Amino acid sequence: MKANAEKDDGIGVKQRYGVNGYPCTLVLDPSGKEKGRISGYLPAGQFVQELARIVTKP
């Protein structure tokens, strides 16, 4: 899901997950519980590595 945290339903997402900087990528489980986040920009390779780390952690 992509949300604009400055408008509409994105404001609720921002508040619910405590987002205070952009960009912010949240990785959620099916129930909406946060598994991890990536704050700020990362080069593509680092971004993929960080996503892999988040989704494979228990």
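Would it be correct to say that Asn20 is without any contact (Cβ under 8 Å) to a residue 12 or more places away in the chain and surrounded by 11 or more Cβ atoms within 10 Å (Cβ to Cβ)? When the stated conditions are applied, Asn20 does not pass them.
Within the stretch 1-39, work out how many residues are within 19 Å of Val55 (Cβ to Cβ), of a type outside the set (Val, Ile, Thr) and not in a helix (DSSP H, G or I). Selection size over the stretch 1-39: 16. Selection of first residues in the stretch 44-57 that are under 14 Å from Pro23 (Cβ atoms) and touching a residue at least 12 places away in the same chain (Cβ under 8 Å) and of second residues that are outside any helix (DSSP H, G or I) and not hydroxyl-bearing (Ser, Thr, Tyr), restricted to Cβ pairs under 6 Å at least 6 apart or on distinct chains, gives the following pairs, ordered by first then second residue: Glu50/Ile38. Screening the stretch 1-17 for residues that are over 10 Å from the mean Cα position of the chain (by Cα) and surrounded by fewer than 11 Cβ atoms within 10 Å (Cβ to Cβ) and picking the one that is modelled with the highest pLDDT gives Gln15. Output yes when any residue across the stretch 31-45 is exposed (fewer than 10 other Cβ atoms within 10 Å of the Cβ), out of contact with any Leu (no Cβ under 7 Å at 6 or more places or on another chain) and of a type in the set (A, V, I, L, M, F, W, C), and no when none is. For the stretch 31-45, residues exposed (fewer than 10 other Cβ atoms within 10 Å of the Cβ), out of contact with any Leu (no Cβ under 7 Å at 6 or more places or on another chain) and of a type in the set (A, V, I, L, M, F, W, C): present.
The values are calculated or read from the model by the stated rules, or taken from the named source; none is laboratory data. None of these values were measured; they are calculated from a predicted model. FYI the Cβ positions are ideal-geometry reconstructions off the backbone, even for glycines, and counts take in every protein chain you see.
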